[in-house]
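Since the structure comes first, as structure tokens, the remarks are kept for the end.
Please treat every number below as a calculation from the coordinates, not as lab data. All of these numbers come straight from a predicted model, not from anything done at the bench. Positions of Cβ are backbone-derived with ideal geometry, glycine not excepted, and every protein chain shown enters the neighbour counts.
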Amino acid sequence: MRASNTLANIQKQAVHITLSLPVQLTLYTSLCALTLWTVYFSTYPAVHDSMHSLRHHTLTVSCH
């Protein structure tokens, strides 16, 4: 009985931490950064060609 209470408490703490605002903001920011990275630096021809001029006009991102 005692082990199940401890496990339940650990699960509650894990859910509380996972659903906290800082964790959610970090996950959201990471997802946005990954999406932008994928779009900007894709080598897939259709995506690369459509984003080519945008990359050249963005000061911090070089294309070649």
Quiz item: Taking neighbour Cβ counts within 10 Å as the exposure measure, how do R55, R2 sort from fewest upward?
Solution: R2, R55
Quiz prompt | Per-residue [θ]222 nm for the chain (sum of -39500 (n - 2.57) over DSSP H runs n ≥ 4, rounded to 500) | solution = -26000 deg cm²/dmol
Quiz item: So for the pair V23, Q11, with labels modelled 7 Å out along Cα→Cβ, what separation do we get in nm?
Solution: 1.5 nm
Exercise. Report the normalised scattering of the chain as log10 I(q)/I(0) at q = 0.26, 0.29 Å⁻¹, calculated by the Debye formula with identical scatterers on the alpha carbons.
Key: -1.02, -1.12
